[in-house]
Amino acid sequence: SRDIKAEYMGRIEPAKMAQRCLTFPLRHFSLSQLLLFAKDASALDNQQSINFMTRQMCARFARIYASTCSVFVNKPNDTVALKSAIDGACSRLLIFPKTTKPNAWDLLSKELENIDTEIDRFVNLLKSMSGPVPNSTSAEHRALSPFSTDVVNKYLDEVNVHLIELRLQTRHLKSLLSEDTVRDKIIDEECNLHALVTDTVSHARQFCIEKNSLAPEVEVRGDEKTTAICPPHFIHFILMEVLKNSMRAMIEKHRTNVDISPPLQLTVSADQDDVGIRVSDTGGGVPRGLQRHMFDYFYTTSMPFEPTYTYSRAFGAPFTGLGVGLPRSRLYARFLGGDLTVCSLPGYGADVYITFRRRGDNMKSLL
C-alpha cells in the first residue's frame with residue numbers, strides 16, 4: 001500500500017520503528033509447513049521469501065524489545081543500546097532493496113547476528129543480577145536480585161522463542177535458496193535418529209574426556225532405521241546438554257570407577273506420531289530440593305568456572321555450569337511439539353525423557 005511504501009521511504013522516524021513493527025503479525029510455521037512453504041513455486045521466488053523474512057524479523061525484534069522494556073522498566077538506560085540496535089535494524093530491513101542482491105540472505109543473517117549480540121548483553125546483565133552463585137550461596141544471591149526467578153524465566157523463554165523461530169526460518173530458506181551445491185540440512189525430512197544420537201554420544205564422550213580425563217560408557221538402544229522430520233542441530237543440542245549433566249553426575253558418584261560402572265543408557269523409540277528418547281544414568285539422582293530449580297535460567301550446582309589461559313582442562317568452554325542448557329533444551333523440545341521431563345530415583349540415578357513430534361507437525365506456537 002502507499003502508506004506502507006511511505007514508511008519504507010523513511011517517513012517514520014527510526015526511533016519509532018520498533019513501535020511501528022509491533023503491529024506486524026507473527027507467523028508461526030510448523031516444520032512441515034516451513035518445508036511446504038519453501039517447496040511452493042511462488043514462495044521459492046527469492047524476493048518474496050526475503051520480503052516475508054524482513055517483516056518477520058521486524059515483528060520479532062520489536063517484540064523482543066517490548067519484553068525487555070517490561071523487565072527493565074526501572075532501568076531505562078539499560079535498554080537504550082538495544083532499542084537503538086533494533087530501530088536501526090528495522091529501518092534497514094523495511095527499505096530492503098526490491099531487487100534482490102546476490103548476498104541478500106547474508107545481509108539478513110548479519111542483522112540477526114547483530115541483534116543476537118545485543119541480546120547477549122542483556123542475558124549477561126540479567127545473569128549478573130539474577131544468576132545464583134553456585135551451591136550454598138545461590139538462595140542468598142537470588143534473594144538480593146531485583147528480578148524474580150519467574151520473571152527471568154518468562155523473559156528469556158519469550159526471547160529465545162523469537163530467536164528460535166527467526167534462526168530456523170532464516171537459515172532454512174537461505175540454505176534452500178542458496179546457489180551453493182553443498183548445503184547443510186537445517187530441517188532434515190528423513191533424519192536417522194539412531195545415527196544422530198550415536199554421533200552426539202561420541203561428541204559428548206570426547207568432550208567429557210577432554211575436561212575430566214574419563215567418561216562413562218554409553219549404550220544406545222533402539223531401531224537403527226527410525227527417522228523423523230526435525231532440525232538435527234536442535235536434537236544435538238538437547239542431547240549434549242542432557243548427556244553432559246548425566247556424565248558429570250556419574251563421575252561425581254563413581255569417581256575413577258566410572259568406566260566400570262553400569263553404562264549410561266540411551267533408548268530411541270517412536271510410533272507414527274511421536275519420538276521418544278530416554279537417557280538413563282546411575283549418577284545418584286536429583287535431590288528433591290534441587291528438582292524445582294532444574295529449569296531455572298542461570299541455576300547451577302557446578303563450581304564457578306575460572307579459565308587459566310594455560311593448557312589445562314580449565315581452558316576453553318566449561319563442561320557444565322552455565323545454567324542455560326536445560327531450560328533451553330526444554331524450550332527446543334516444546335518448540336518441536338514435545339517436552340523434556342526428568343524422573344529421579346533417589347540414591348540411584350535419573351531418567352530424562354525427550355519427546356517431539358515425528359512428522360514435523362508442531363502446530364502450536366509457544367508465545
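The values are calculated or read from the model by the stated rules, or taken from the named source; none is laboratory data. These numbers come from a predicted model, not from an experiment. Using ideal geometry, Cβ is built from the backbone for each residue, glycine included, and neighbour counts are taken over all protein chains shown. Just the protein is used for accessible areas: all its heavy atoms, side chains included, with ligands, DNA and RNA removed. Shrake-Rupley method; radii C 1.70, N 1.55, O 1.52, S 1.80 Å.
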Testing residue 65 on (1) more than 22 Å from the chain's Cα centre (by Cα); (2) in a helix (DSSP H, G or I), one condition comes back false. Which one is that? (1)
Looking at 32, 49, 42, which one is at pLDDT below 85, open to solvent by 30 Å² or more (accessible area, probe 1.4 Å) and hydroxyl-bearing (Ser, Thr, Tyr)? 42
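Starting from residues that are in contact (Cβ under 8 Å) with a residue 60 or more places away in the chain and in contact with a helix residue (DSSP H, G or I) (Cβ under 9 Å, 6 or more places away or on another chain), keep the ones in the stretch 339-353 and report whichever is nearest to residue 166 (Cα to Cα). Spell out the reasoning first.
As a first pass, look at the stretch 339-353 and keep what is in contact (Cβ under 8 Å) with a residue 60 or more places away in the chain: 340, 345-353.
Now drop any that are not in contact with a helix residue (DSSP H, G or I) (Cβ under 9 Å, 6 or more places away or on another chain), which leaves 340, 346, 349-350, 352.
Details: 340: 22, 346: 40, 349: 37, 350: 34, 352: 28 Å.
Once the filter is applied, the top-ranked residue is 340.
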Does the stretch 194-213 contain at least one residue that is surrounded by 13 or more Cβ atoms within 10 Å (Cβ to Cβ), at pLDDT below 90 and not aliphatic (A, V, I, L, M)? yes
Which ones in the stretch 257-283 are touching a strand residue (DSSP E or B) at 6+ places or on another chain (Cβ under 9 Å), open to solvent by less than 20 Å² (accessible area, probe 1.4 Å) and part of a loop (DSSP other than H, G, I, E, B)? 281, 282, 283
Checked pairs for the stretch 90-116, first more than 17 Å from residue 167 (Cβ to Cβ), second β-branched (Val, Ile, Thr) and at pLDDT 80 or above, C-beta under 8 Å and 6 or more apart or across chains, list as 94/54; 96/54
For the stretch 339-367, what are the residues that are open to solvent by less than 20 Å² (accessible area, probe 1.4 Å) and under 24 Å from residue 298 (Cα atoms)? 340, 349, 350, 352, 354
Looking at 286, 258, 279 in this structure, which one is in contact (Cβ under 8 Å) with a residue 12 or more places away in the chain, touching a helix residue (DSSP H, G or I) at 6+ places or on another chain (Cβ under 6 Å) and closer than 13 Å to residue 344 by Cβ? 279
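Listed here are the residues, each with its yes/no results for (1) assigned to a helix (DSSP H, G or I); (2) at pLDDT 80 or above.
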| residue | (1), (2) |
| --- | --- |
| 110 | yes, yes |
| 123 | yes, no |
| 128 | yes, no |
| 146 | no, no |
| 153 | yes, yes |
Can you name the condition, by its number, that residue 241 falls short on among (1) within 17 Å of residue 333 (Cα to Cα); (2) surrounded by fewer than 21 Cβ atoms within 10 Å (Cβ to Cβ)? (2)
Just to check your reading of the model, which residue among 115, 86 is at pLDDT 80 or above, closer than 21 Å to residue 324 by Cα and buried (at least 20 other Cβ atoms within 10 Å of the Cβ)? 115
